[in-house]
Amino acid sequence: MKGILNNVKRRVGRDHELHIPFHGNDAIDAVEHHQWARTIDLHNLPNNSEHATPVSPNNSHIDEHTNLGYLSQCDPRMRDDLPRLKGVSSAKRDAVFQQKLQLCSVKFDLLDPKTNSKHVEIKRETLLELKDYVNSPSGQKIFKEDNIPAIISMVRVNIFRALPKPKGVIDLEDEEMFQEPSWPHLQIVYDFLLRFVMSAEVSAKVAKRHIDQQFCLCLINLFESEDVNEREYLKTILHRIYGKIMHHRGFIRRSISNSFYRFVYETDYHPGIAELLEILGSIINGFAKPLKAEHVSFLKRALLPLHKPRNIKYYHQHLAYCAVQFVEKDIDTVIPIVKSMCKWWPWTSSAKQLLLLAELEEILEACSSAMSHSSMSPADLKELKEMVARLLAQCVGSVHFQVAERSLMFWNNEHLIGGGGVLSMAGADVLLAPMLAPARRHADGHWNAVIERLAQNLLKMFMDQDPELFQKCTEEQQKMEAERSKRREATERRWELLRARAEEIGGASES
């Protein structure tokens, strides 16, 4: 028996670098204590490691078979005799505060029936006390730098966790019903963290030392949570961190870009894209003019490919806002934005086409407004009009009546057709040629009276603006139609010859 215990001691010391004295019957208790200590250490991520490997909530190393509720029952940090902070003298307050933070660092599996409900309630009441205490400016004075490591450690233990396996399909109705099982504790921790980040007692210099890049990356990864309430807290907290710690701004933008890359090119599933785009909308609004090359690259590589995924309807409003913000900041960005939209245009989905048509109209309105106080080269303006005209001509010719109607409505927008607008009659020579054929086809007769009337009004507008140009384009269009008709007839004649030849061969073989 002594030899077996010695072997166990050597194995534990070699594998885990944790040397525990074994004396007789204490061996089993020592091994259980070692297993508990190893599990707790996995939650205590490093606080001040700039070069540490980022830990993703989806790649947590927590043993899924470990019963955290059971382990917390024997955790010496669980105490119910700690005095309340408001009743403790200032000399002892920091020590009691740190003891309470250690108590709140104990995790529970709330789905496990073996979890000690008394300890769960003690932790919840302690979290509420901490949150209420720091809710006032006087209480926030406890956010001293000596206490911050314990605060960050407690937050890490509670919110950084392995997320459930994603469903793979976003369904907002189901999503609103989903709630994280540990949300009764998580919500209080998020409230506490938000007050910590917003506190004037925590300077940017101090916050930078303790809220490192790894912490920010784990926050961004938590946006994959399916709990919409959690994502709302994360959105507010990450935005506050971005505003307070300037040193992390570039890293946060790059990490958000990486989340977009994974969503577009790998997983096609991410519940928090809308919240991340909402943060970016505020960030882009604060960009200085002229835009840096880094910001334009972010637009082209990270934002614009978000037009591709099938679930665009869940975040399209925020994506369109970001695109409009870029155009208002720098009118030259309208060219890559429209090019990207043409590249990712969803020709097989009428619902997505309607979304992108609404976004395109907003972008062109912003461009038309920006041209009143900033210049755009004639070559770029002509390229923009050609792209828009080709795209709208194809949409006007769509067999889906809503797509055709929405495209024709562009010429009812005074901001676009007015002086200086992208669709103004000053560029009628560029716009009329591709639009003439589909507009004339609908004007000659369409089962939908609204589309027929809009097409007739569009043709009349072009005719009144420049009759000569309209006549010229009409003649060219008629010539092209005649040539296409001749080609169709020639093709049909060749098919007739082939069919006749096939019948001759078939008859000869039968005879």
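Using each residue's phi in the range 266-279, evaluate 6.51 cos²θ - 1.76 cosθ + 1.60 at θ = phi - 60° and report the 3J(HN,Hα) Karplus result to the nearest Hz, with x for Gly and Pro.
Result, rounded to whole Hz: 10, 8, 6, 8, 6, x, x, 4, 4, 5, 5, 5, 5, 4.
7 Å from Cα along Cα→Cβ at both Lys118 and Gln317: what's the point-to-point distance in nm?
Using points 7 Å along Cα→Cβ, the separation is 4.9 nm.
Go through the range 82-150 and name the trypsin sites (Lys or Arg not before Pro) that are in a DSSP coil and have 14 or fewer other Cβ atoms within 10 Å of their Cβ.
Details: sites: Arg84, Lys86, Lys92, Arg93, Lys100, Lys107, Lys114, Lys118, Lys123, Arg124, Lys131, Lys141, Lys144; in loops: Arg84, Lys107, Lys114, Lys144.
Hits after loop and neighbour filter: Arg84, Lys114, Lys144.
Multiply the residue separation of Leu110 and Met387 by 0.36 nm, subtract the distance between their alpha-carbon atoms, and state the gained length in nm to one decimal.
94.1 nm
So what is the diffusion coefficient of the range 294-421 in µm² per second by Stokes-Einstein at 4 °C and 1.567 mPa s, using a Kirkwood Rh over Cα pairs? The partial results should precede the final answer.
Working: Rh = 14.9 Å.
It comes out at roughly 87 µm²/s.
Counting other Cβ atoms within 10 Å, keep those with at most 12, restrict to DSSP loop, and tell me which trypsin sites (Lys or Arg not before Pro) in the range 258-327 are left.
On the way: sites: Arg262, Lys292, Lys300, Arg301, Arg310, Lys313; in loops: Lys292, Arg310.
Sites meeting the loop and neighbour criteria: Lys292, Arg310.
Run through the range 399-481 and list the chymotrypsin sites (Phe, Trp or Tyr not before Pro) located in a DSSP loop whose Cβ has at most 10 other Cβ atoms within 10 Å.
Numbers: sites: Phe401, Phe410, Trp411, Trp447, Phe462, Phe470; in loops: Trp447.
Passing both the DSSP loop test and the Cβ count: Trp447.
Any chance you could look up the accessible area of Val430 with a 1.4 Å probe, heavy atoms only, rounded to 10 Å²?
Only protein atoms counted, so the area is about 30 Å².
What do you get for Rg/Rh of the range 416-458 when both radii come from the Cα atoms and Rh is the Kirkwood radius? Kindly include the intermediate steps, with their values, before the conclusion.
Working: Rg = 11.7 Å, Rh = 11.1 Å.
Computed over Cα atoms, the ratio is 1.05.
Evaluate E = 1/(1 + (r/R0)^6) for Glu362 and Glu510, where r is the Cβ-Cβ distance and R0 equals 51 Å; express this FRET efficiency to the nearest 0.05. Present the calculation step by step, with values, prior to reporting the outcome.
Numbers: r = 67 Å, r/R0 = 1.32.
The computed FRET efficiency comes out at 0.15.
Past 27 Å, Cα to Cα, is the threshold; run Lys382/Lys479; Lys100/Lys144; Lys308/Lys479; Lys208/Lys329; Lys144/Lys244 against it and keep the listed order. If you can, show how the numbers build up before the last one.
Details: Lys382/Lys479 25 Å; Lys100/Lys144 15 Å; Lys308/Lys479 38 Å; Lys208/Lys329 29 Å; Lys144/Lys244 17 Å.
Over 27 Å Cα-Cα: Lys308/Lys479; Lys208/Lys329.
Within the set Lys235/Lys339; Lys460/Lys486; Lys86/Lys131; Lys165/Lys300; Lys343/Lys385, which residue pairs have Cα atoms separated by over 21 Å? Don't jump to the answer; show the numbers that get you there.
On the way: Lys235/Lys339 30 Å; Lys460/Lys486 30 Å; Lys86/Lys131 13 Å; Lys165/Lys300 31 Å; Lys343/Lys385 16 Å.
Distance filter (> 21 Å) returns Lys235/Lys339; Lys460/Lys486; Lys165/Lys300.
Taking the Cβ-Cβ separation of Glu483 and His415 as r and a Förster radius of 51 Å, what is the calculated FRET efficiency to the nearest 0.05? Walk me through the intermediate numbers first.
On the way: r = 38 Å, r/R0 = 0.75.
With a Förster radius of 51 Å, E is 0.85.
For Lys472 and Val399, calculate 0.36 nm times their separation in residues minus their Cα-Cα distance, and state this gained length in nm to one decimal.
Working: separation 73, 0.36 × 73 = 26.28 nm, distance 2.76 nm.
Additional length available on full extension: 23.5 nm.
In nm, what is the difference between 0.36 nm times the number of residues separating Lys289 and Ser136 and their Cα-Cα distance?
Numbers: separation 153, 0.36 × 153 = 55.08 nm, distance 3.85 nm.
Here the segment from Lys289 to Ser136 would lengthen by 51.2 nm.
With a point put 7 Å past each Cα toward its Cβ, work out how far Glu496 is from Val88 in nm, to one decimal.
About 10.0 nm, to one decimal.
The values are calculated or read from the model by the stated rules, or taken from the named source; none is laboratory data. Just so it is clear, the model here is predicted, and its values are computed rather than measured. Cβ: placed from backbone, ideal geometry, glycine included. Neighbour counts: every protein chain shown. Side chains included, ligands, DNA and RNA excluded: accessible areas come from the protein's heavy atoms. Shrake-Rupley method; radii C 1.70, N 1.55, O 1.52, S 1.80 Å.
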